[in-house]
Amino acid sequence: MISIRNVSKYYGAFRVLSQCSVAINPGEVVVVCGPSGSGKSTLIKCVNALEPFQEGEIIVDGQSLHDPRTDLTRLRARVGMVFQHFELFPQMTVLDNLCLAQVKVLKRSREEAEEKGMRLLDRVGLREHALKYPGQISGGQQQRVAISRALCMDPICMLFDEPTSALDPEMINEVLDVMVELAKEGMTMMCVTHEMGFARRVADRVIFMDQGQILEDRPSADFFAAPQTERAVQFLSRLLSR
Amino acid sequence: MSVLEGNYLLANLPALMSGLALTARITLIAVVLGIAWGTVLALARLSQNRILAWFATFYVNLFRSVPLVMVILWFFLIVPQLMHALFGNAVEDIRFTSALVAFSLFEAAYYSEIMRAGILSVSRGQFDAGLALGFTRQETLRIIILPQAFRNMLPLLLTQAVILFQDTSLVYVIGLSDFFGTAHKLGDRDGHLVEMLLLAGLIYFLISFLASQLVARLQKRRIR
């Protein structure tokens, strides 16, 4: 589904990603973790071609991002993405947020889009907030709306970029619950997150990054039982002692 | 005899009102055209196309570095020749058109700076979110970024409109009878120049002051 091959990215002379390779198969849930500044957010943005990279290749659903024949706009429409700061459109109601791209990008009728939107809002328990503006609901609710907005596009896979990092602790679980459910339904997911509980519960694999490099890529049970690198051991113990 | 005596003001009210109407027309059209062209300039200035960005920067710096009254005069002198070259026949009264062109082009330089700040005030994440949903860059700008930029900058855009309203009085240099021009002409003709200019000043003050108060109130409501 997603294949990242020897990807390197530079900001001037500074190397943000170095020789990263990951393969994510359909239905797999992969958690990417690591200290801040390790390049994990940059990596996941590269998958959706929101960040350019200088070396290597990324292939999503058989299409190489570097191939000039690839229509990046259409490819992005098929890949769902959830952001750290939700990025709902503040000038539109929750329902309009869900319908906008369905109508303008997928050319669905307004009724069809609304029906789909309401169904997904129902699923995340926010049906009654459909006509509110994003500023009128809590962070956790906004993030659940953002997940629904991505799901409205019937994505082939979902990218999560630190979906709970900007949330108050008591709101984290309501978002994670939605993600767990999604994972159990077989959605292909790549999640940058510090939520190790989530990783333990649903991740097939954990990727550990530090200083732009992928240091570990192992089944999650193995990773948590016995991390192989010193950096990962330090990282996990610091997370647990929090 | 003072202007307040007898029916002097009443008798000249139609002329003053038509002057005010002209002022309002120039202000409204120039605000709309200025914001539209200013938005295009702001996008050009922020674009990755170097030539476009260079052109917009040059344009903005140019118009912000020359006095408005000169721009009005230039367009009064240039536009008729241009129209003549384009359409062949002489255009009769181009004072209004040339004033509109001058104001729109001049104000666009200021509006573009406001819109540029407005676009930059919308977070990069909103842009990414638009792209991630399958919109093109242009669609994302048009549908998601610009409405927010416009909303964020509304108080500044309105303040600039108030300034434009005051600046329209400069059309007297090309002999247009806007509100100020009419008051000036009447006062000059009837020997009430000082009173009429004071009166005109008072009206400009009242309209501008009330408009600024409205903007301030709008701003307060938005902060809440």
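Where a number appears in this text, it was derived from the coordinates with a stated rule and is not lab data. Since the model is a prediction, treat every value here as computed from it, not as a measurement. Note that each Cβ is placed from the backbone with ideal geometry, even for glycine, and that neighbours are counted across all protein chains shown.
Between the amide H of A:Val16 and those of A:Lys9, A:Tyr10, A:Tyr11, distances stay under 5 Å, these residues lying 5 or more places away or on another chain, with hydrogens modeled in the peptide plane. The H on the amide N of A:Val29, modeled in the peptide plane, is under 5 Å from the matching H of A:Met189, A:Asp204, A:Arg205, each at least 5 residues off or on a different chain.
Count the DSSP beta bridges whose two residues both fall in the protein assembly as shown, then state the antiparallel fraction as a percent rounded to the nearest 5.
Roughly 55 percent of the beta bridges in the protein assembly as shown run antiparallel, per DSSP.
Taking segment B:92-124 and a reference point 7 angstrom along Cα→Cβ of B:Phe58, the backbone N atoms nearer than 17 Å belong to B:109.
Annotation: extensible slack from B:Leu193 through B:Ile163 equals 8.4 nm (criterion: 0.36 nm per residue apart, minus Cα-Cα distance). In chain B, helical runs assigned H by DSSP with n ≥ 4 each contribute -39500 (n - 2.57); averaged across all residues and rounded to the nearest 500, the mean residue ellipticity at 222 nm is -27000 deg cm²/dmol. Residue exposure proxy: B:Tyr111, B:Tyr59, ordered by other Cβ atoms within 10 angstrom of their Cβ from fewest to most, comes out as B:Tyr59, B:Tyr111.
Sequence-ordered 3J(HN,Hα) estimates for segment A:171-182 from the Karplus curve with 6.51, -1.76 and 1.60 and θ = phi - 60° stand at 9, 4, 5, 4, 6, 4, 4, 5, 5, 5, 4, 4 Hz, glycine and proline given as x. For the protein assembly as shown, a crude dipole built from +1 on the beta carbon of Lys and Arg and -1 on the beta carbon of Asp and Glu, taken about the Cα centre, is about 160 debye to the nearest 20. Between the alpha-carbon centres of segment A:95-112 and segment A:190-242 there is a gap of 38 Å. Considering only A:Val124, B:Ala102, A:Ala226, and ranking their Cα positions along the charge dipole of the protein assembly as shown that arises from unit charges at the beta-carbon of Lys, Arg, Asp and Glu, the one farthest toward the positive end is A:Ala226.
Work out which helices of chain B, taken as complete DSSP H runs, extend at least 15 Å along their axis over the Cα atoms and score a mean Kyte-Doolittle of 0.5 or more, then list them.
B:8-46, B:50-64, B:68-87, B:95-121, B:146-167, B:193-223
A full extension of the chain between A:Arg5 and A:Ser21 corresponds to an added length of 5.3 nm, given 0.36 nm per residue minus the alpha carbon distance.
D by Stokes-Einstein for the protein assembly as shown, Kirkwood Rh over Cα pairs, 37 °C, 0.692 mPa s: 125 µm²/s. Shown in residue order for segment A:52-68 are the 3J(HN,Hα) couplings computed by the Karplus curve 6.51 cos²θ - 1.76 cosθ + 1.60 at θ = phi - 60°: x, 9, 9, 10, x, 8, 10, 10, 10, 6, x, 10, 7, 5, 7, 5, x Hz (x for Gly and Pro).
Treat every Asp and Glu Cβ in segment A:121-242 as -1 and every Lys and Arg Cβ as +1, leave all other atoms uncharged, and give the resulting dipole magnitude about the Cα centre to the nearest 20 debye.
On the way: 13 positive and 18 negative charges, 19 e Å.
The dipole magnitude comes to about 100 debye.
The rule of thumb for compact globular proteins, 2.2 N^0.38 Å, goes into the C-alpha radius of gyration of chain A 1.01 times.
For A:Ala221 and A:Val233 in one chain, what is 0.36 nm times their gap in residues minus the Cα-Cα distance, to one decimal in nm?
Gain in length upon complete extension: 2.9 nm.
About its Cα centre, the dipole of segment B:26-153 is roughly 400 debye, where the only charges are +1 on Lys and Arg Cβ and -1 on Asp and Glu Cβ. Distance between the 7 Å Cα→Cβ label points at A:Gln54 and B:Leu28: 5.6 nm.
Label-to-label distance, B:Ala117 versus A:Ser36, with points set 7 angstrom from Cα along the beta-carbon direction: 3.0 nm. Couplings for segment A:119-136, taken from phi via the Karplus curve 6.51 cos²θ - 1.76 cosθ + 1.60 with θ = phi - 60°, read 4, 6, 5, 4, 4, 9, x, 10, 3, 6, 9, 4, 9, 7, 8, x, x, 9 Hz in order; Gly and Pro are left as x. Note on B:120-132: average number of Cβ atoms from other chains within 10 Å of each residue's Cβ is 6. Computed from the Cβ-Cβ distance with R0 of 45 Å, the FRET efficiency linking B:Gln81 to B:Leu46 stands at 0.85.
Cβ crowding within 10 Å ranks B:Phe58, A:Phe235 as B:Phe58, A:Phe235, fewest other Cβ atoms first. When the alpha carbon gyration tensor of chain B is reduced to an equivalent ellipsoid, its three semi-axes come out at 39, 24, 13 angstrom, largest first. Put the Cα centre of segment B:109-176 next to the Cα centre of segment A:128-167 and the gap is 28 Å. Between A:Asp168 and A:Glu128, the FRET efficiency from the beta-carbon distance, with R0 = 25 Å, is close to 0.75. Going from the fewest other Cβ atoms within 10 Å to the most, the residues B:Leu33, B:Leu197 appear in the order B:Leu197, B:Leu33. Taking amide H positions as modeled 1.01 Å from N, with prolines and chain starts lacking one, the residues under 5 Å from A:Phe160 and 5 or more places away or on another chain are A:Val82, A:Met190, A:Cys191, A:Val192.
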